[in-house]
Amino acid sequence: MTFIIRTALALIILLTLGSCVSNETDPRKGGLFSYNPKAYEKRLEEKKATLSETEAATEQAKQEGQNLAASKQEKQARHEALKKELAVLYAESAKLQQQLDQTKTANAGQEKKLKVLKTQVADLRAKTIATNNSGASDAAKQAEVARLQKRMDELLEEAATLSEL
């Protein structure tokens, strides 16, 4: 009878131990003495897969960082080149503005001279007409008209020269 009790007790212990194996993924739970080697291997594989994915993502991030750094350097170099070009253009613009101002000043002076010359031409014409209408001798009139005509031609030539500028 003791043999039957021992055998029954051993069978109960084995059945109890067999029922401890579970589908738990935590290797510290289930199995004999709370150790499950299959769950341990599965969890180890999952951790390795996660590590591989993380390393791949890290490598990709490093590559993207290098690409961004290269792009940043390229853009900074382009920015500096554009700043230099802008400075050159600004200097040229200032120089052209100065030349324009000088030309405007010179043109204003020439306009004044042209007005004066036109006034003198009008005066000479008036004098010529007055000389022709005066009672002086024909020879004196002709001499005065010739002198006035010569002066008028000189003034017209000077006005034409100023107009061309």
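The values are calculated or read from the model by the stated rules, or taken from the named source; none is laboratory data. What you see is a predicted model, and the numbers here were worked out from it, not measured in a lab. Glycine gets a Cβ as well: all are built from the backbone with ideal geometry, and neighbour counts include every protein chain shown. Surface accessibility is based on the protein's heavy atoms, side chains included, excluding ligands, DNA and RNA. Shrake-Rupley method; radii C 1.70, N 1.55, O 1.52, S 1.80 Å.
Brief remarks follow.
- One residue alone among Leu68, Leu156 is in contact with a helix residue (DSSP H, G or I) (Cβ under 8 Å, 6 or more places away or on another chain) and of a type in the set (A, V, I, L, M, F, W, C), and that residue is Leu156.
- Cβ separations smaller than 9 Å between residues 6+ apart or across chains give the following pairs from segment 96-111 residues that are closer than 25 Å to Glu158 by Cβ to residues that are open to solvent by 100 Å² or more (accessible area, probe 1.4 Å): Ala106/Leu165; Asn107/Leu165; Gln110/Leu165.
- Per the listing Ala108, Ala39, Ala81, the residue uniquely open to solvent by less than 100 Å² (accessible area, probe 1.4 Å), of a type in the set (Gly, Ala, Ser) and at pLDDT 95 or above is Ala81.
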